[in-house]
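*Asks:* Sending over a structure as structure tokens; questions will come in a sec.
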Amino acid sequence: MAGLAGAVLCAATGFVLISLAWPKGSWFKSELLLKLSLGVGCGLGLFSFLYLLSLVFSVPAKTLAATEVVIFVLLSILLWIRGHNLHDQKLLQYTADMSSGLLGQTLRASFVVTLIGALHRCLKELATNPQGIGWDAFAIWNLHARFLFRGGEHWKDGFSSLIPWFHPDYPLFLPGSVAHFWSYLGRETTAVPATLAFAFTFSTVALLFSAVAVLRGRNHGLLAGLMLLGTPSFLRQGVSQYADIPLSFFLLAAIALLVPVIEALTESVAVIVRLPEVFSVALNWPLPLVRVESGGSAARPSLLLKCTVPA
């Protein structure tokens, strides 16, 4: 139950963060799946970062969990206040819903059948190989997570270069997420990385479908999701517990949020224009903190993506 509660809290916190940055005035129902799928990555990025801070400052797991609940409550209050004070804004240009008719019904039926088949394949594969498929899952990402979870005061030994294949310079998003949920459970279990792999695989599908559906119509969204679900290599990478699918999720999130900005650069989108930057940084969050570039009279952190909105 602790793991399930932590997962719900993580996704809910990410959803609230996305909603805080999202302009008002749009049809909530049409964007709900889009914001939910974005919230998965946003919440995991925040929670993995908080977990690293807890290691740095030796914060107990129970204190960290309580802190995350407080953060969620505060963000929810801010969202409630914002909902009463912010003027309506519009970011996304909606297209007419063209999902009715024979074409729409065919696409919906094909999408449902393909989704059921993909779910069955992934669940069966994860049940058979919960430790992951291939070298990187257990020798790099899950091993990094074990160093973070088991290390205690010596968790920094996970950055040692003594193990040739260890890659201590790799981002800590994925292992930090795994170790964080292990801290909720109080023990290691292969179910956590397997669940994260499953969540990222189908959150990527949901993100692609919802983003294209909102921007170009539901038929286009169904077709995009159908093509992704019907790609065997995508599903294989998803259940392998490699970092390719999480990376794809964040790149897709950045692109999905950039498209309406590029199409309609107005002052009304200023509140959301930095969200692509957030998702680009989230996957590699240790790196932007240490990389600095000079510019003007002062140095500033070098972010992965910079967007400028004209006045």
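*Asks:* Between residue 157 and residue 62, what FRET efficiency comes out of the Förster formula 1/(1 + (r/R0)^6) with R0 = 22 Å and r the beta carbon distance, rounded to 0.05?
*Replies:* 0.35
*Asks:* Taking the mean number of other Cβ atoms within 10 Å as a proxy for protection, how do you rank 188-195, 120-127, 201-208 from highest to lowest?
*Replies:* Ranked by mean Cβ neighbours within 10 Å, highest first: 201-208, 188-195, 120-127.
*Asks:* Something else about it: What distance in nm separates the simple spin-label points at residue 106 and residue 185, each placed 7 Å from Cα in the Cβ direction?
*Replies:* The two pseudo-label positions are separated by 4.5 nm.
*Asks:* Let me ask another. Hey, what did the range 136-229 get for relative contact order, percent, Cα under 8 Å, at least 6 apart?
*Replies:* Worked out over the range 136-229, it gives 20 percent.
Values quoted throughout were computed directly from the atomic coordinates according to the rules given, and no laboratory measurement underlies them. For clarity, every value in this text was computed on a predicted model and none was experimentally measured. Reconstructed Cβ throughout: ideal geometry from the backbone, glycine too, with neighbour counts over all protein chains shown.
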